[in-house]
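The numbers here are math on the coordinates, done by the rules we state, and not lab data. Because the structure is a prediction, the values reported are computed rather than measured. Counting neighbours? That spans all protein chains shown, and the Cβs are built from the backbone with ideal geometry, glycine included.
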Amino acid sequence: MRSADPETDGTPSADMFEWFCDAVSNHVMPVSLSASHPSGFHASMADLELGSVRLSALTFSPVVSRRTAAHVRKGDPEQFQLALVTRGAFRITQRGHESVAAGDLVLTDTSRPSEGASVEEQSTVGILQVPRSILPLRHDKMEGLLGQRIRGDRGTGAILGGFLSTLLAKGPSCQPSELAGMGPIALDLATACLAQQLGTPDAAPAEARAQEMFQRVTRFIENNLGDPDLTPQAVADRCNISLRSLYSLFTGHPVGVAAYIRQGRLERARADLGRPESSSHPIQTIAARWGFSSGTVFSRSFRGAYGMTPSEYRAATPCGEVAPGIERAG
């Protein structure tokens, strides 16, 4: 991962806007930037190398961006870029389409002119950079999506946005090899999302559709771990797939669907046991909160996973600190 924060790297405040202009042109694409108050400009940038794709995070003061035909001739990474606005609002215009995104995604093509602008005091945008050569969708069909807002609060847009947001937050703690493994997942989810926007979800390769469904299933599980009736069959029913298909989704993953549910419950319960505000809550109450049928079942599962009983773990983690030899989940 490459990151830069000129405020902490010794860049003089008067030079911060110039630093940001260079960083964007060198690591995203050549553009012209303007700011109404360049002397008080604040910005930071980070890149996650994900193998064949890259995820960049930019935080910045109000700015206007223009990419002209001259910029395209000067330097074209030949990418489709999906911008996820995680803070503030950002206006993007391309191919006659204009969108104002706030918590949403917008697709652009680096081979065409575009404009962007933010007016918020501070905006944060994650940019998934996908080489045109590896996106397995017809490029001529993508024209209608350029500059169009893809809602980030529902459907495949929410699944892709959630995955990218998690990568931006947790990626800095990952090893390079782990990040490289995230690239194909990001590409598959982006492909499934764009195919859905085109109205042709079947145009996405089987791998992309499977990855999108896997993310949908795991998101459902994580949002319903407290339901004691959450079983593989219940997950399959709620996600409108067969039980056999559900099991197939987890093929090649470290654990199966039942173990994924159990691990999720144990991790949530363990986190509660370590919180000072939960110190007065009976262990059985915490167990029931996360879907365990009884305190006995919870204690046996907890010992099997962590090598100590819930009571021993709680005693060893005063004030929410993790006991020596115990790694915090997640």
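Tabulated data for the structure shown
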item	result
Using alpha-carbon coordinates, inclination of helix 257-273 to the longest axis of the chain, degrees	80 degrees
Net +/- balance of residues flanking Asp140 in space, Cβ distance below 15 Å, scoring K and R +1, D and E -1	+3
In order through region 94-111: 3J(HN,Hα) via Karplus (6.51 cos²θ - 1.76 cosθ + 1.60), integer Hz, x for Gly, Pro	7, 6, x, 9, 10, 9, 10, 9, 9, x, 10, 10, 9, 9, 9, 10, 5, 7
FRET efficiency, Asp140 to Ser293 (Cβ-Cβ, R0 41 Å, nearest 0.05)	0.15
Isotropically averaged projected area of the chain, using the convex hull of Cα atoms (one quarter of hull area), nm²	19.0 nm²
Amide proton proximity set for His42, modelled H, under 5 Å, gap of 5+	Ser61
Degrees separating the helix 155-170 axis from the principal Cα axis of the chain, which is the longest one	80 degrees
Cα-projected label distance for Glu222 with Ala180, points at 7 Å along beta-carbon direction, nm	2.5 nm
Structure-based [θ]222 nm, the chain - -39500 (n - 2.57) summed over DSSP H runs of at least 4, per residue, nearest 500	-12500 deg cm²/dmol
Protection-proxy order for peptides 81-87, 69-75, each taking the mean of Cβ atoms within 10 Å per residue, highest first	81-87, 69-75
For the chain: relative contact order, % (alpha-carbon pairs under 8 angstrom, 6 or more apart)	12 percent
Semi-axis lengths, Å, region 232-320, gyration tensor of Cα atoms, sqrt of 5 times eigenvalues	29, 13, 11
Two-site FRET efficiency, Thr231 against Met308, from Cβ-Cβ distance with R₀ of 25 Å, rounded to 0.05	0.35
Nonlocal amide H pairs with Arg54, under 5 Å, H built at 1.01 Å	Gln129
Cα principal axis extents for region 185-231, largest first, Å	38, 19, 13
For region 88-247, fraction of C-alpha pairs farther apart than 18 Å, in %	64 percent
Estimated vicinal HN-Hα couplings, Hz - region 121-138 in sequence order (Karplus 6.51, -1.76, 1.60; Gly, Pro = x)	4, 8, 10, 10, 10, x, 10, 8, 9, 10, x, 4, 5, 10, 7, x, 10, 5
